[in-house]
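Just so it is clear, none of the values below were taken in a lab; they were calculated from the coordinates. The model shown is predicted, which means the values in this text are computed figures rather than measured ones. Methodologically, a virtual Cβ is constructed for each residue, glycine included, from the backbone with ideal geometry; neighbour enumeration extends over all protein chains shown.
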Amino acid sequence: MLEKPKKLTLVEQVADQLQTLIESGRWPVGTRIPPEPELSETLGVSRNTIREAVRAMVHAGLLQTKQGDGTYVCSSSVLGVVLQKRVRQSTLIETLEVRQALEREAARLAAERRTDEDVASLKHHLDACTAAAEAGDMASYSGADIRLHQAVVTAAHNELFSELYAHMTGALDLSVRSLTEVVTEVDLHHRSHARMIDAIIRQDVEEAAEAVHEYISHSRNDLKRLEELS
């Protein structure tokens, strides 16, 4: 049975405004939001209303309160929070399968649509991966790897794809960092990534997609070796 729409409470209205500031990027991740008195004065509502709205955003996973320090933005969207939680509940194999689907299509689209500006960005991030791999710095390598994949998605020039991947970045970062802990041959992974970027630059669609399949296969093999040892 249909029901009459309910009017939003004042707390819900304030919470919606806070969420909009976060999801629009005006309050990026890591930002300390204004204190209660300032928000109360700006919005013309009581401090108790602000407190309840902030509490709702903390519960949603968008804000985090640090005792004695303030409240910080910890996620750019509710979707990002949900995806990260869901990935934590998944196996690495399941996450790998999702990554293969997303990153394979991103590489194909990037090979078709990349611009000269994209090429410069891809080369920059690949160089960062190379430097980290040569130094044996796996923490830096995993971070550089995520940024490289983000650059590939950007080069695909599909706003919906970019937004979805951006929301998944935090979740996928957990996967990448977990996988780098079991990688036995970093050179194999890095060569596959270099092959993908080279194919995108040359606009070889099939080669770019195959390179994604290659580095995902390397990760699968690393996981199998880990399971055999455990």
Next item on the list: Estimate the FRET efficiency between Ser217 and Val119 by the formula 1/(1 + (r/R0)^6), using the beta-carbon distance for r and 22 Å for R0, to the nearest 0.05.
Entry: 0.25
Next item on the list: Please list 158-164, 213-219 highest first by mean number of surrounding beta-carbon atoms within 10 Å per residue.
Entry: 213-219, 158-164
Item checked: Amide H contacts of Thr31 (H built 1.01 Å from N, under 5 Å, at least 5 apart or other chain) -> Val73
Notebook entry, point to check: For Thr71, what charge total do you get from the other residues with a beta carbon under 11 Å from its beta carbon, if Lys and Arg give +1 and Asp and Glu give -1?
Noted result: +2
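How long is the gain from Val78 to Glu112 if the chain were fully straight, where each residue apart is worth 0.36 nm and the alpha carbon distance is subtracted? The partial results should precede the final answer.
Working: separation 34, 0.36 × 34 = 12.24 nm, distance 3.18 nm.
Net length gain for the segment: 9.1 nm.
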Next item on the list: Would you mind calculating the relative contact order of the chain from Cα pairs under 8 angstrom and at least 6 residues apart, reporting the percent as a whole number?
Entry: 20 percent
Item checked: Cα long-axis angle, helix 47-60 against the chain (0 to 90 degrees, to the nearest 10) -> 30 degrees
Margin query: Can you list residues from other chains, or at least 5 along the same chain, whose modelled amide H is less than 5 Å from the amide H of Leu63?
Written below: Val58, Cys74
Next item on the list: Per DSSP H run of at least 4 residues, take -39500 (n - 2.57); add these up for the chain, divide by its residues and hand me the 222 nm value, nearest 500 deg cm²/dmol.
Entry: -25000 deg cm²/dmol
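With a 10 Å radius around each residue's Cβ, average the other Cβ atoms per peptide and rank 123-129, 150-156, highest first.
Top of the packing list down: 150-156, 123-129.
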Check: How far, in degrees from 0 to 90, does helix 205-229 lean away from the longest principal axis of the Cα atoms of the chain, to the nearest 10?
Finding: 90 degrees
Check: Which one is right for this structure if Rg and Dmax of the Cα atoms in Å is calculated from it: [x] 20.3, 62; [y] 21.3, 72; [z] 21.1, 64?
Finding: [z]
Note to self: Could you order the peptides 100-110, 14-24 from most to least packed, using the average number of other C-beta atoms within 10 Å per residue?
What the structure shows: 100-110, 14-24
